[in-house]
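Report on the following structure.
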Amino acid sequence: MLVLTRKVNESINIGDGIVVTVLAIEGEKVKLGIAAPREIVVLRQEVFQAIQEQEKLQELLAREAEPGHLEALRKLLSDENTGEQEKDSGAG
């Protein structure tokens, strides 16, 4: 992992078409601006992970209903629910 220090209005370039600029620093939050070509998808990590989990579920549901596949689906759903419960209990 490359670690850089940037000030407000300073940027970094990723490849030829992506520029990440520090727009503001407010307390413990950093506001970033990302300029990227339209064909490159830019998502927050938690959104990306949710999409990946949905794709796994869809893939499992699309397979034939064999005992091993159903068990994998149950485990995935159980793991997902456990993670949500941990988030909810830690938020208070």
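The values are calculated or read from the model by the stated rules, or taken from the named source; none is laboratory data. This is a predicted model, so every value here is computed, not measured. With ideal geometry, Cβ positions are generated from the backbone for all residues, glycine too; neighbour counts draw on all protein chains shown.
Computed quantities for the displayed model
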| read-out | value |
| --- | --- |
| Considering residues of segment 1-56 that are charged (D, E, K, R) and in contact with a strand residue (DSSP E or B) (Cβ under 8 Å, 6 or more places away or on another chain) only, the residue nearest to A72 (Cα to Cα) | K31 |
| Pairs, first in the same structural domain as E71 (by TED's automatic domain parsing) and surrounded by 12 or more Cβ atoms within 10 Å (Cβ to Cβ) in segment 39-59, second assigned to a helix (DSSP H, G or I) and not aromatic (F, W, Y), C-beta under 8 Å, six or more apart | E53/L76; E53/E80; K56/L76; L57/L73; L57/L76; L57/L77 |
| So R63, is it loosely packed, with under 10 Cβ neighbours inside 10 Å, among the charged types (D, E, K, R), within 30 Å of D79 (Cα to Cα) and out of contact with any Cys (no Cβ under 9 Å at 6 or more places or on another chain) | no |
